[in-house]
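Student: I am attaching a structure below and will ask some questions about it afterwards.
We did not get these values from a lab; they are worked out from the coordinates using the rules stated. Worth saying up front: this structure is predicted, and the values here are computed from it rather than measured. Cβ placement follows ideal geometry from the backbone for every residue including glycine, while neighbour counts extend to all protein chains displayed.
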Amino acid sequence: MKSLYKIITYILCAITLVGCAYKHQPIMTPGGAIPAGLTTKQVQSAIKNGCTAYDWDVTQVTGTAVEAKMNKAKVGATVRIDFDKSNYTISLVESVGLLEDRARNEIHNRYNTWVTNLKTAIDRSLKNETIN
């Protein structure tokens, strides 16, 4: 009977390890709404503030787009945040060390955590911009 419990325990441990080892997820392209009445400059400023709040380096600002880069210990990503009067979208430009597979639309889950935090920071910054 003890050997049956050992076998079941080993199988459950193996299944758990395999489940934890897989860290690929679909590449997220989050976005959000831009509050009415903000100018392009205000939106650019809010997006830049949101980027810097989560350690993204703003590398380029042009018209209705902001490009930002995140680098952490041999891994990194560059995103482009496109916006118009009512919405914005965060899109992956390139990544380093995040096991990106565009053909399968997959990337390491760390990237999705980064862009989720970035979206939250941008939303907060846009909200603050409407208060000022």
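Student: Could you order the peptides 26-38, 66-78 from most to least packed, using the average number of other C-beta atoms within 10 Å per residue?
Tutor: 66-78, 26-38
Student: Shifting gears a bit: Would you pull out the residues with amide H under 5 Å of ILE90's amide H, same chain only if 5 or more places away, H placed 1.01 Å from N?
Tutor: Residues meeting the criterion, in which the H sits 1.01 Å from N, are GLY31.
Student: While we're on this one: If you average over every viewing direction, what projected area does the convex hull of the Cα atoms of region 23-94 give, in nm²? The partial results should precede the final answer.
Tutor: Working: hull surface 20.9 nm².
Value for region 23-94: 5.2 nm².
Student: Here's another thing I want to ask about it. Return the lysines within reach of LYS127: Cα separation strictly under 29 angstrom, same-chain partners fewer than 8 residues apart disregarded; answer none if there are no such residues.
Tutor: Excluding near neighbours in sequence, the set is LYS41, LYS48, LYS69, LYS72, LYS85, LYS119.
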